[in-house]
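Readers should treat all values here as calculations from the given coordinates under stated rules, not as data from a laboratory. Here the structure is a predicted model, which is why all the values come from computation and not from measurement. Here the Cβ positions follow ideal geometry from the backbone for every residue, glycine too, while neighbour counts run over all protein chains shown.
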């Protein structure tokens, strides 16, 4: 017995401990030498091999949360007994992807795991926090019994390393990351979409495993045989690189703050069976950083003085970030300090450069202790700000902002098409560094807002009157929207004669209000006791549009006051100003994009941006037809949550679309541009834009909302008959006036007939369950049993009669042929059997 204990102590003393992290690859030189003594071929009393026979002297080892060893092609976790049964959050992301499968960094799965030792086995279990009851309540046992923790994988204990204080258990985890463990790889929706049949293990492998003090980062490549791969179809497979982050959760969860839909926030949810209610209730609580007042500063805080938090929110700027952009990204981060001052904190959020390899050779952006703005050499024109939060409390544990290089292309395009008519700095395809830097600062602030817990607030921008956005004094004081979390972008409303107006939003009054509401400590109160105080803070601003939250709508837009990319309180007036500016840009596109010796790629690109911006305006306006405003309220507030858009506003929207889009937008037809960028396509481009808007207006859900509005409000409503009558008389105005119909209008009229046939023959498509889970909105209607088809039939009959009356009033042959064809098409729709 003495000899065996001495042997273990000798082995421990001779083991070389290595700190930091190592990337496991064939070139790695980092090793942990393990000496042996005595006869290592013998097993100990538990039937296990000696430690030195499993973790050999050639092992490449990395100490951290677990010590991770690579021996030949096998990977081992050495788990301290103190970490068994501790909860760990595992986040699975697609790190590198094939074309057509999302983008790098996209989250696939999040779950809480627990490593559990059972005799000579170690189990990896899934812990669910979807349902809950306090362990002091009798119902807690029932909740536990209905929430049994499933086992992802079972591992044989390979060896144990012991000393007088600690005991570490070693398991082989190679199969966990090389076999098809769905929780750590591609999820079910993606498997069905691409018709995945199985994992090809011969083309799957572990790339790296790194261990840090509070997390382990795994990179592994998976190749799936696929019946319908989105790219490289000849391979019949999809290869993806996954990252799995396993993060140790705090022993003591942070106090929660409960969610209120009147203030936008990312949340975590849980069904609580222990509440004093006659049904289970789903509680939602905020995702937020743990910002706490130092005990010695509590009196200052209570007296209204600003105090520094116990622990600041710190963002590091990735070493790969170009030097000239770093100050602007930092400014975007620290712009949020003024919002945290409203919550009682100073210097709550700061930005730092990442240490150089010389300053800290072990520093890594994958270490969960560091939140990092990561600069990625990628063609993706985007940036995003995901975060990782504790499902028990909502505490944000870390966040990495992914900054893709080509986000600058996106910024250039937006800034050009929305401001070039009034802004000399945008009249070029390459902006000055200080101009691009200011745009980078804007995007940095927006993405940091997400990492603080704030979602998009698309209901912010309508708080400001359209005419106020033409006022230099107003815009310099308030920006272009009350929240930088709106997609308010840049000031497309301002006109050249308006002077020096502000062009973009800043951290606004809504942002300060939301941060105060979510982060300001309320000393001495439990989460439940906080609720009345938080409610009072909301009611202080009730009815003020500056402090309104409007969710981002996925799918069709129902609330026209909560749209992306819009500005101001009147979509028709705002879009009219926007179109005036586009009309100023188009004749100057060749001059503003010219560069000696260069082809016309930028001209083609920016003309496309003009078309996209014009389409946005049409969408902003069309959403008012059949639109319903959504303003969140509680029982202690008066008024309706849902109200229909007023009749006159809907009529104005229809008149706007007829004038600006359905009457051919000839200002977009510029032959000087076309003969440099394309050999054909203009006619089809106009037709496609018009058809898209037409289909959007004659949408089943929109038509249903018009009918419901009429049923509720009678003659005060813009009815389905009103909308269909206005549409017919506008699109077919030549038939009523006897004028010649040009080619663009003939195409539009055929698109109208096609859509009418669709309404007569098709049913509303049911949204897949996952779409509803994602919050995609759709007004449901049973088309066959509604008034839609009788109204469509009546409209076609009226049109048929009018065409017959005017068929020979025009001497234009193509117009006559077109109308004869339309009569045949209508007859086939109304009398399909004939």
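Just how far, in whole angstrom, is region 364-399 from region 780-834 if you go by their alpha carbon centroids?
56 Å
With mean projected area of the Cα convex hull in nm² as the read-out, I listed [x] 44.3; [y] 56.3; [z] 38.6; which label goes with the value calculated from this structure?
[x]
Between residue 476 and residue 201, 0.36 nm times their residue separation minus their Cα-Cα distance comes to what?
On the way: separation 275, 0.36 × 275 = 99.00 nm, distance 5.95 nm.
Here the answer is 93.0 nm.
Starting from the Cα-Cα distance between residue 682 and residue 53, subtract it from 0.36 nm times their residue separation and give me the gain in nm to one decimal. Intermediate results must be reported in sequence, preceding the final value.
On the way: separation 629, 0.36 × 629 = 226.44 nm, distance 7.35 nm.
Here the segment from residue 682 to residue 53 would lengthen by 219.1 nm.
Specify the angular offset, from 0 to 90 degrees and rounded to the nearest 10, of the alpha carbon long axis of helix 509-519 from the longest principal axis of the alpha carbons in the chain.
30 degrees
What order do you get for 710, 201, 358, 529 when you list them from fewest to most C-beta neighbours inside 10 Å?
Details: 710 19, 201 13, 358 6, 529 10.
Fewest to most other Cβ atoms nearby, the residues stand as 358, 529, 201, 710.
Once both axes come from the Cα atoms, what is the angle between helix 788-806 and the longest principal axis of the chain, in degrees from 0 to 90, rounded to 10?
Once rounded, the angle reads 30 degrees.
As I understand it, the value is the acute angle between the Cα axis of helix 407-419 and the longest principal axis of the Cα atoms of the chain; what does it come to in degrees, rounded to 10?
The helix 407-419 is inclined about 30 degrees to the chain.
Each label point is 7 Å from the Cα along the Cα-to-Cβ direction; what then is the distance between the points at residue 300 and residue 812, in nm?
Each label point is offset 7 Å from its Cα along the Cβ direction, giving 7.8 nm.
Run the numbers on region 594-662 and let me know its relative contact order in percent, using alpha-carbon pairs under 8 Å that are six or more apart.
Numbers: 42 pairs, mean separation 20.1, N = 69.
Averaging sequence separation for qualifying contacts and normalising by length gives 29 percent for region 594-662.
So how do 803, 822, 165, 533 line up by other beta-carbon neighbours within 10 Å, fewest first? Don't skip to the end; give the middle numbers.
Values: 803 17, 822 22, 165 5, 533 11.
Ranked by crowding around the Cβ, least crowded first: 165, 533, 803, 822.
Using a simple spin-label model with points 7 Å from Cα along the Cα→Cβ vector, what separation in nm is obtained for residue 156 and residue 323?
5.7 nm
Under a point spin-label approximation (7 Å from Cα along Cα-to-Cβ), what is the residue 310-residue 542 distance to one decimal in nm?
So the two model labels end up 3.5 nm from each other.
Could you tell me the calculated FRET efficiency between residue 669 and residue 337, based on Cβ-Cβ distance and R0 = 56 angstrom, to the nearest 0.05?
On the way: r = 50 Å, r/R0 = 0.89.
Efficiency, from the Cβ-Cβ distance: 0.65.
Calculate for the chain the 222 nm mean residue ellipticity that helices alone would give, adding -39,500 (n - 2.57) per DSSP H run of length 4 or more and normalising by residue count, nearest 500 deg cm²/dmol. Present the calculation step by step, with values, prior to reporting the outcome.
Details: 26 runs with 286 residues, N = 834.
-10500 deg cm²/dmol, from helical runs alone.
At a threshold of 8 angstrom on Cα-Cα distance, excluding pairs fewer than six apart, so keeping six or more, what relative contact order does the chain reach in percent? List each step's numbers first, then the result.
Details: 1512 pairs, mean separation 63.6, N = 834.
Dividing the mean separation by the residue count of the chain yields 8 percent.
Starting from the Cα gyration tensor of region 725-834, take the square roots of the eigenvalues, sort them a ≥ b ≥ c, and report rounded, prolate or oblate (rounded when a/c is under 1.5, otherwise prolate if a/b is larger than b/c, else oblate). Provide the component values of the computation, followed by the final result.
Values: a/c = 2.74, a/b = 2.11, b/c = 1.30.
Prolate shape, in that a/c is at least 1.5 and a/b is the bigger ratio.
State the Cα centre-to-centre distance between region 671-687 and region 400-421 in whole Å.
25 Å
For the chain, what is the percent of antiparallel DSSP beta bridges, rounded to the nearest 5? Spell out each step's value before the answer.
Numbers: 82 of 101 bridges.
Rounded to the nearest five, the antiparallel share is 80 percent.
Subtracting the Cα-Cα distance from 0.36 nm times the residue separation, let me have the gained length for residue 352 to residue 729 in nm, one decimal.
Values: separation 377, 0.36 × 377 = 135.72 nm, distance 6.23 nm.
Contour length minus the Cα-Cα distance gives 129.5 nm.
Please order 452, 828, 606 by the number of other Cβ within 10 Å, starting at the fewest. Could you put the intermediate results ahead of the total?
Details: 452 27, 828 13, 606 21.
Lowest to highest Cβ neighbour count: 828, 606, 452.
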